[in-house]
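Colleague: Can you read through this structure? Questions will come right after.
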Amino acid sequence: MKKKYRKVMGLAMAVALAAAVPAAAGSAGTETSEFASVDWAIEPRGQYISSSRSGITNKGSGVIGITASTTAHEEVDKIEISLYLDRLEGGSWNQVADFEYTFLPSDMPNGKLTKATLSFTVTDQPAENYYRVRGAHGVWKGSVIETQNTYSDGVYISSDPVYRSADETE
């Protein structure tokens, strides 16, 4: 039963992600300052998912910052976030890394799961390229599985350091 459930969920997440790649669903934008560029994407709310977000940042010196979150309207049984890092090569986006995270109520200090948040860096990719992040967000509540997809615009990851003021690093 558990293997069948995992296969069905894996297929559902794959279909949802495949459908989102060619289509520009949701809102996407870019925020730029003299210090860093942040690209983000947020999907509109669903029955259980209030919002899903994925983002990418040029941290400087070839370091890629990745963030993601999924927020539910109410307590849920599980949240999964799958992230896919793409690099622009020859005019096409090619997946170069993937990251999968599962959150359960038992992972939360209060035992209640309503939000999952990620923030990490990637240091094993070549700088001086454009990168984007795609996300597949899944929420489980009883027998219901709801998914949303997010993606960012491309961000140039430089090999030069990005200087920030003391206020921005706190």
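Colleague: On the protein heavy atoms, probe 1.4 angstrom, tell me the percent of accessible surface of the range 94-156 carried by carbon and sulfur.
Modeller: Whole-percent figure for carbon plus sulfur exposure: 46.
Colleague: In Å², what does the accessible area per residue of the range 75-118 work out to with a 1.4 Å probe?
Modeller: About 54 Å² of surface per residue is accessible.
Colleague: A further question on this structure: Please report the relative contact order for the range 82-170, taking Cα pairs under 8 Å with a sequence separation of at least 6, and give it as a percent rounded to a whole number.
Modeller: For the range 82-170, the relative contact order is 26 percent.
Colleague: With every protein chain left in place and a probe of 1.4 Å, what is the accessible surface of D98, to the nearest 10 Å²?
Modeller: 80 Å²
Colleague: So if each residue of separation counts as 0.36 nm, and I subtract the Cα-Cα distance between E100 and Q47, what length gain in nm does that give?
Modeller: 16.8 nm
Colleague: Give the Rg/Rh ratio for the range 65-170, taking Rg as the radius of gyration of the Cα atoms and Rh as the Kirkwood radius, to two decimals.
Modeller: Ratio of gyration radius to Kirkwood radius: 1.05.
Colleague: Report the chymotrypsin sites (Phe, Trp or Tyr not before Pro) located in the range 89-170 that are in a DSSP loop and have at most 14 other Cβ atoms inside 10 Å of their Cβ, or state none.
Modeller: Filter output for the range 89-170: Y163.
The values are calculated or read from the model by the stated rules, or taken from the named source; none is laboratory data. Note that the structure is a prediction, hence the values are computed from the model and not measured. Please note: Cβ atoms are built from the backbone with ideal geometry, for glycine as well, and neighbour counts cover all protein chains shown. In case anyone asks, the SASA skips ligands and DNA or RNA and just uses the protein heavy atoms, side chains included. Shrake-Rupley method; radii C 1.70, N 1.55, O 1.52, S 1.80 Å.
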